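To start, the structure itself, in structure tokens.
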């Protein structure tokens, strides 16, 4: 940070020191051209034209030069360093922001799945492709890091039932009593209260077995009732800020490298730029006009390109002379694995999100049927065990209706009751530990896929944007410092 501060001070100091010399040169040029630059349009045309066609002022400026004039060349590497830094920072900001397409009035012209629109506007690359990137990461996770069936297999059915029972048992008792009263009001109301309570209590004796059966059935058929990719994509699209946060925190160190490398690469390119421009401006001044914008584009383009390569290449440790080179992101595999697995559980793969996907997501009907079939078995067992006469009194049709009502009511009640078990499930599922261990063991070429998808498809856009910004700065640099100013 202090290096950039010193350089910025030098740039400002050099510009200030050259101001007096520029002022005197402007006066000489104004006299020489009979005040042709009093009006902006004409003055600008003449200055840019002289840079392309040459002039007597250009050919003899070394003989008329001074330390102030030389300072204009000296500050080129420093300006180039600032350009490299700024273009990399801008490229990163364009990767993450804005979260929604801006301006919103042009949203209708945004290309599907792209951060830009036909009529202009921009949305951060990650927010624009949040769903696609989430799907890529989910594929990586389910194929390389996590077996969903194995994950749910870590839940102990009896312990799950014990965690859920305090909330679920009262609901089940109420449901059974209400359904009995609805389907056979005369029979139910004729019973003494103690008999009703005894019947419900007898039925509830198997409640924890029922809950254990539900989780066992879920473990055996989890792929039929849980679409993990649909869950992750849905959450990513609904919470783009979480996706941005995940990539920012996972790649925090690498993004700092991208910013800082732009500064140092820019300075190195600036030295070449300074020497080239000095020679051309001295020997062939008619070609010096477009040189700074061209070099500006090259600096902005190259610093972004080099920064991205520095992060991900080489993939495998490569010995060069006395050094071992490897992409900065790949060097931090252990730290990245820990952060990624932590945020993955916090934002996506936790018990709350998994159950909400099963209860309300794409496969909610299949999940509901899983709960119902276990409820039917539970009802049959309790009726046969504690209330054999009920079935005879109800009749087959009424009993079937009663059984379905109990099943449906339990499905409806589950979203209110199941959250009490989330804490137990998060501990039992061990998603964070499992993902972290698996990520640390990934070979480098597979581990690269954790962060590189953020840039891979759209990195050329970021690189070109950096080049265009650099060209604009180069153009302004020439006009303000070498053509006589505006």
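None of the figures in this text is laboratory data; all of them are computed from the coordinates on show. All of these numbers come straight from a predicted model, not from anything done at the bench. Please note: Cβ atoms are built from the backbone with ideal geometry, for glycine as well, and neighbour counts cover all protein chains shown.
The packing ranking, built from the mean of other Cβ atoms within 10 Å per residue, places the peptides 90-100, 464-474, 165-175, 106-116 in the order 464-474, 90-100, 165-175, 106-116, highest first. Values of log10 I(q)/I(0) for region 399-473 across q = 0.18, 0.20, 0.25 Å⁻¹ run -0.88, -0.94, -1.08, by the Debye formula with one identical scatterer at each alpha carbon and no solvent.
Evaluate region 189-296: find the radius of gyration of its Cα atoms, find its Kirkwood radius, and give the ratio Rg to Rh.
Details: Rg = 35.5 Å, Rh = 22.0 Å.
Result: Rg/Rh = 1.61.
Note on region 270-333: semi-axes of the ellipsoid equivalent to its C-alpha gyration tensor, largest first and rounded to whole Å, are 37, 13, 6.
All Cα-Cα distances of region 305-375, cut into 5 Å bins from zero to the largest, leave 3, 13, 12, 12, 10, 9, 8, 8, 8, 6, 5, 3, 1, 0 percent in each bin in turn. For region 83-179, the fraction of C-alpha pairs farther apart than 17 angstrom is 71 percent.
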